[in-house]
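Every number here is computed from the coordinates shown, using simple stated rules; none is lab data. What you see is a predicted model, and the numbers here were worked out from it, not measured in a lab. Neighbour counts run over all protein chains shown; Cβ positions are idealised from the backbone, glycine included.
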Amino acid sequence: MKIILSILFLFSVQLILSQNERRIENILKQDRTEIDKVELSTSNSATLIPSTFAQNEVAFKKSIDELRELTIVKVYYVYTKYRKSPSFNQKALDRKRFKQLNASFPEIIESNYVEWEIVEQIGCSSPEMGRTFFHGFVFIHRPIQSEEERLAEIKRLEEYLKNPTDVYLQPNIDILEEQLKPSESTATTPVIIPDQDARYPEGPDAMLEFLKKELRTDEIALKRDDQWVKTHLKIDENGVISDLTFLEECPQRVKYAVIGAIYTMPNWEPAYRDSLPIKSELDLEVRVSYSPNVNGMYLINGDRPTLEQVILEEKPSDLTEFGGSSPQEIFMKQMPIYKGLSIIDKNERTALVMDVTGSMSEHVANLKRWIKGHQDSLNFTSFTFFNDGDDKPTRKKKIGSTGGIYTTFRILSMDGLVTETMRRGSGGERPESDIEALLHTENKDSLCDVILLVGDNYSEVRDLELLTKVRVRVNVLVCSVKGSIRPDYLLIAKNTGGYIIYNGERIELKNLQRGEILSIGSYQYDYNGKTFQVRETKESTTRM
């Protein structure tokens, strides 16, 4: 029997290593970010694992055990482009370093919750200079906080909860992000985009040239049917023409010509309001003629050639509740809590259960901000917060009786309860007792129709074996989703008849059948009737 178990164990290890080798190859195929030289600073949210310039040795041994205890959100692989020999094979060296990482820390390669980026330093011009550059892996993780720093963060949150009119943003934990992407929007420097209407990407004249070229029908028919064709277009938030309707009757052959031309247009630049892309609609009048001089000439709302929007979405309601629309406010209102709470069923009596361990203070602040703007539509029957055991050591955490769960039925008591719950527990290891918190709420709150679980996607659910005891429907709003959604949360929603809230959308699971595939974002999940398994694809291993 022992021999059989040993064989099965070895087979399992080999399978994981083989899968990880495929993932490594997919990571190495990613586009590489160029920078002159990476500048690294000391940070409690970054751990550096260096390698030697032009060699494959990586200093893993001292830090791997420490890394296993951290919540890693991103890994950078950094090297220099300089090569002394034309025959030098950079990807072969990269592969050797990744294989060393895989041998020492296979969990990080197989994780679906970690983002990867490869950074190529191009400012090196000699071997001597290369030895002054950093080479190796930079692990970005949730901060390693002293007790003093943790309490200071809670104190800052307390001050915000007293008067949530200013924006609450956590410091950026990624020490390389601003260096590598200074022009892109980040949590601390959101991009301001002026209000604008939807427009053809290169302007009206370019659209005219496009229509002249693409409008094609039968020559004889067009000699008879020289006419203006009035159309109405819908353009979505991505600039895609999502619908085309004809405002007046015209021959079918002419319609085919117009449809063929318009739907082959490149994507438009979408309309923007308060730095957010929105849906818009416009009238487009096109001339269909055999004459090469006039074919495709267009009028828009009677003017030529300017583009006048006839219908444009008003400013989204969730951006007007507080009167302002600064980039920071826009960023905050696009966070998962704010978007998710805005789409829950207001007719259902809802008990809110929220994980407040780890780095959840930003999400707590976002919860408060949403509640402040929706006083008239609240239908929460209770608020429950849990910290995974009130600083209880792991060896004393028993399934079903870990503790650290606190409930209030009064909204006025919510602020004090959430910060006190955070203060009593330091977070500890990643796995959390979500099901115990659900059962606690179910026993405490007899008025609720449904429980809304606000979960941390970086945390495993320790007590999933208790899920069969949950009798109330549970909807799950997942925070901190960088890669795939953790299957634990999919199972909680599926087995209780609830749905997942992801990126402001409700994803129903109740009708999902055994053997079917669930698609969410760029990931797919196989459902075998009992569990969910993230489907291995090239896209899912590179877009994390």
| request: Kindly state, to the nearest 0.05, the FRET efficiency for Gln30 paired with Phe409, given R0 = 41 Å and r defined as their beta-carbon distance. | output: 0.25
| Under a point spin-label approximation (7 Å from Cα along Cα-to-Cβ), what is the Arg22-Thr165 distance to one decimal in nm? | 5.7 nm
| request: Please report how far the C-alpha centroid of the stretch 141-160 lies from that of the stretch 439-454, rounded to the nearest whole angstrom. | output: 29 Å
| message | I need the phi-derived Karplus couplings for the stretch 452-467: 6.51 cos²θ - 1.76 cosθ + 1.60, θ = phi - 60°, integer Hz, Gly and Pro marked x. | response | 9, 8, 9, x, 9, 5, 7, 9, 6, 8, 5, 10, 4, 5, 8, 4
| field | Alpha carbon Rg of the stretch 20-141, scaled by the compact-globule rule 2.2 N^0.38 Å | value | 1.02
| request: Would you calculate the volume per residue, in Å³, of the smallest convex hull containing every Cα atom of the stretch 335-542? | output: 116 Å³
| Where does each of 150-157, 170-177, 124-131 land if you order them by average Cβ count within 10 Å, highest first? | 170-177, 150-157, 124-131
| request: Among Asp390, Asp243, rank each residue by its count of other Cβ atoms within 10 Å, from fewest to most, as a rough exposure measure. | output: Asp243, Asp390
| note | Put in order of increasing Cβ neighbours within 10 Å, starting from the fewest, His141, His232 give His232, His141
| request: Please check which bits of the stretch 502-523 a label hung off Asn267 would reach, taking the label as a point 7 Å along Cα-to-C-beta and the cut-off as backbone N under 18 Å. | output: 521-523
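Could you compute the net charge surrounding Leu509? Neighbours are other residues with a C-beta less than 12 Å from the C-beta of Leu509; K and R count +1, D and E count -1. Kindly include the intermediate steps, with their values, before the conclusion.
Details: positive: Arg473, Lys494, Arg506, Lys510; negative: Glu508, Glu516.
Net charge in that neighbourhood comes out at +2.
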| query | What spacing in nm lies between the two simple spin-label points modelled at Arg423 and Glu120, each 7 Å away from Cα in the Cβ direction? | reply | 5.3 nm
| task | Quote the relative contact order of the stretch 335-542 in percent (integer), defining contacts as alpha-carbon pairs under 8 Å separated by 6+ residues. | result | 19 percent
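Once the other residues with Cβ under 12 Å from the Cβ of Thr384 are scored (Lys, Arg +1; Asp, Glu -1), what is the net sum?
-4
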| Full-stretch length increase - Glu39, Thr132 - with 0.36 nm per residue and alpha-carbon distance subtracted | 32.4 nm
| request: Could you work out how far the C-alpha centroid of the stretch 259-278 sits from that of the stretch 386-423, in angstrom? | output: 48 Å
| message | Can you give the FRET efficiency to the nearest 0.05 for Glu348 and Val240, using r as the Cβ-Cβ distance and R₀ = 45 Å? | response | 0.85
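What length, rounded to one decimal in nm, is gained on full extension from Lys398 through to Gln145, with 0.36 nm per residue of separation minus their alpha-carbon distance? List each step's numbers first, then the result.
Working: separation 253, 0.36 × 253 = 91.08 nm, distance 2.58 nm.
This chain segment gains 88.5 nm when fully extended.
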